[in-house]
Amino acid sequence: MREQLDPIDILLVEDSPNDILITETALKEGRIKNRLIVAYQKRKVQEIHHRVLREKLPIGLAPHIQARLLARHLRNDLKTYPPFLYR
């Protein structure tokens, strides 16, 4: 039997129509945990163009790259810290 979300498992956030909340019951029963992890892993391998490095990299690597850029800025190797802007 294929597991799927029921309408009672999802709560829409009133302020933002694109955000959803998953109920604790659905998380405790483990019905969607695997689906969320798979979706997260797929998102991490999507490539983006980093404006400072001027090359494509997986979006999951962006926090690591930003941490390295911040460390270089703190050591005064970089004049300014370039923030990560995803469009």
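Quick notes on this one:
- Lone unmet requirement of (1) surrounded by 13 or more Cβ atoms within 10 Å (Cβ to Cβ); (2) modelled with pLDDT of 95 or more for ALA62: (2)
- Here region 48-87 is the region considered, the condition is being assigned to a strand (DSSP E or B) and free of Cβ contacts under 8 Å to residues at least 12 places away in the same chain, and the residue that is nearest to ILE37 (Cα to Cα) is LEU57.
- Residue in region 19-40 that is assigned to a loop (DSSP other than H, G, I, E, B), modelled with pLDDT under 70 and closer than 28 Å to LEU85 by Cβ present: yes
The values are calculated or read from the model by the stated rules, or taken from the named source; none is laboratory data. Note that the coordinates shown come from a computational prediction; the quantities given were computed from them, not determined experimentally. Cβ coordinates were reconstructed from backbone atoms using ideal geometry, including for glycine residues, and neighbour counts include every protein chain displayed.
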